[in-house]
Amino acid sequence: MAIVSCKLLLTFYSFLFLITFVSQAKAQPDFLYNFCKNDNGNYTANSTYQNNLNTVLSNLTSNAEINYGFYNISYGQNTDKVNAIGLCRGDVKPDVCRSCLNDSRVLLTKLCPNQKEAIGWYDNCMLRYSNRSIFGVMEGSPKFYMWNIYNVTEVDQFNQVLGNLMRKLKEKAASSDSRRKFATDNATDVNLNFQTIYGLVQCTPDLSEQDCNNCLDGAISDIPSCCNNKIGGRVLKPSCNIRYETSSFYDPTPAIDPGETSPSEEEKSKSSHTTIAIVVPTVVVVVAALLIFICICLRKRKARINLEEIEEDDNDDIDMAESLQFNFETLQVATSNFSEANKLGHGGFGVVYHGILAGGQVIAVKRLSTNSGQGDVEFKNEVLLVAKLQHRNLVRLLGFCLEGRERLLVYEYVPNKSLDYFIFDPIKKAQLDWERRYKIIGGIARGLLYLHEDSQLRIIHRDLKASNILLDEKLNPKISDFGMARLLLVDETQVNTNKIVGTYGYMAPEYAMFGEFSVKSDVFSFGVLVLEIISGQKACRVIHGQNPEDLLSFAWRNWRAGTITNIIDPSLSNGSLNEIMRCIHIALLCVQENLVERPTMATIVLMLSSYSMSLSVPLEPASIVGGRTRSLQVRDMQFEGDNSGAMRPNESKSQSGESINHASITDPYPR
């Protein structure tokens, strides 16, 4: 009996194995076409390249947030570096897309077991990888054709309708959203007996509009060679593909922006509004006037209540902070009567002194300028905000002093001065190797994430820059100087102001030009700061050869040209090129002109800590000097201060990292 049971069990497991094997075989059909390129060399089993290739392909689709069907990733260094692109047809759903690419990686490495470059096409997706740079490069080969076996009847009329349809789709796809360059449509004609032609075109979204146009032009011009007089045909290239048929073969394209309104809905909405306007104009006017009157009354009442609440909250905050209050004499003694020998540095709103309390504790004392109109505001801001913040990457406020016209802030002493003291000095920058700089970048990111999302408050720093990053005894970064910080309410995502504060070169374009700031403003500043840390160059001026330009333009030009090493500080020659390039990639995503394209700090921290996260393709960033944002009109904006408070070169060692904080749009090089 036991023997029979064992045989039955064995038979059962064999059956399960057979079902599993068959299902896997079905899950990985043959490619439409694949190509294993031998020109770029081969790799051996268990080599570094193969390990890097396995890492890239296993992590290509790991970012579940990508819902537009384009993935790209790089891993490794020098000749062992692997670059990969995965592209799904624009009408394919995200889960089907990821499944298709996962099947592709298994089959392509099986069909091309030793080649460093390969490409494969399924009906729903394309996968390619190479040891050379393939991002942002328009490539027309290898290519292949497919065609329907049936011929058209009215050849001239068919070709005319087809040509017009393809040109229309080409223009639509090339000018589409940077995440998806894809278009479908159909056309018919009375001369075709009302026969309908369905068309599809697509480019990889890392291409520029011009490159996409050129690639599709080439594919369309191949139709007579491959599919002449056929009722259907396909041309597939690494950078683009086209298809046409006389029957529908595509699904509705999933919307990237779910809030977008369809044309039919818009037309219905307009029609509805027109009907209402004709039938009941008087009622609408009366009701609108009544509502406006009620809103004004309620707002005035709410403003009075909110003002009283704010005043009460401010008083509560000051009461809570009384335990942190120092008397003026104590700080006077600690700093040797604010002697010049104890001076650490100064900025636009005061001087910072080194001090030692009676118990031996070392402190940094920021003495705000008594004749500064901003001093009271900055003082109150820092006390109320910073006293509530506790994070290893933020400078800790120990207390304050408020006596007469004296306003002083007492901070923990951070011994290694500010980041700009090192990275912009040709000698001292050597003290910060790549490992330390990478650690500093990560620490700044975590500090900003705490401010934006993890603290009890939601705070925008608004003046993130190298001189406001202090380094402790272990060279851990600490964000300082919260005089410009702004508290966001729970439901606020963006705030407008007519008073622009901060440092020119680090300010996001929407803030510098229109006074609109959000957490994405800090993200922009972080991107600029990361490029400064990597390049050792100041944001507003990079001199490379005979042509000075701003850092963002310099970085983007070299990124596009594939000369990324030009961006990297020569003193980082022993650093991990892969990590450095990934950080440059992240920085370029942070400085996108459109704030929607910038990642959040939570996403950035993940990008820095996990190579499994795919990075989207950056677009051309906002330019600091002479770029697109420079041409915008700045209207009714009050810029804070002038250049009189700028820190002089021999005073860049400031303990509190007091920034210039005086943005002047007329001076492109404030420091």
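Values in this text are rule-based calculations from the coordinates and carry no lab data. The shown structure was predicted, so the numbers you read here are calculated from the model rather than taken from an experiment. Note: ideal-geometry Cβ built from the backbone for every residue, glycine included; neighbour counts use all protein chains shown.
Here the simple spin-label model places points 7 Å from the Cα toward Cβ, and for ASP95 and ASN574 these points are separated by 5.1 nm. Potential lengthening of the chain between ALA255 and THR188 amounts to 21.5 nm, from the contour at 0.36 nm per residue minus the alpha-carbon distance. With the simple spin-label model, which puts each label point 7 Å out from Cα in the Cβ direction, the SER455 to ASN229 separation comes to 7.5 nm.
A simple packing score, the average count of other Cβ atoms within 10 Å per residue, orders the peptides 554-562, 36-44, 398-406 as 554-562, 398-406, 36-44, with the highest score first.
For the pair ALA430 and ASN46 in one chain, pulling the backbone fully straight at 0.36 nm per residue adds 134.6 nm over the alpha carbon distance.
Using every pair of distinct Cα positions in region 92-199, the Kirkwood expression returns a hydrodynamic radius of 17.1 angstrom. Shape analysis of region 26-130 yields a ratio of the Cα radius of gyration to the Kirkwood radius, Rg/Rh, of 0.95. Using the Cβ-Cβ distance between THR153 and ASP177 with R0 = 30 Å, the FRET efficiency computed as 1/(1 + (r/R0)^6) comes to roughly 0.20. Straightening the chain between ARG557 and SER247 buys 107.1 nm, computed as 0.36 nm per residue apart minus the Cα-Cα spacing. The count of lysine pairs in region 26-130 whose Cα atoms are under 18 Å apart, excluding pairs fewer than 8 places apart on the same chain, comes to 5.
Coupling constants for region 576-585 follow from the phi torsions by the Karplus curve (6.51 cos²θ - 1.76 cosθ + 1.60, θ = phi - 60°), and in residue order they are 6, 4, 5, 5, 4, 5, 5, 5, 4, 4 Hz; glycine and proline get x.
For region 51-102, the fraction of alpha-carbon pairs lying more than 17 Å apart is 34 percent, rounded to a whole number.
Compute the whole-percent fraction of alpha carbon pairs in region 144-245 spaced more than 21 Å apart. Counting pairs separated by more than 21 Å, the tail of P(r) holds 29 percent.
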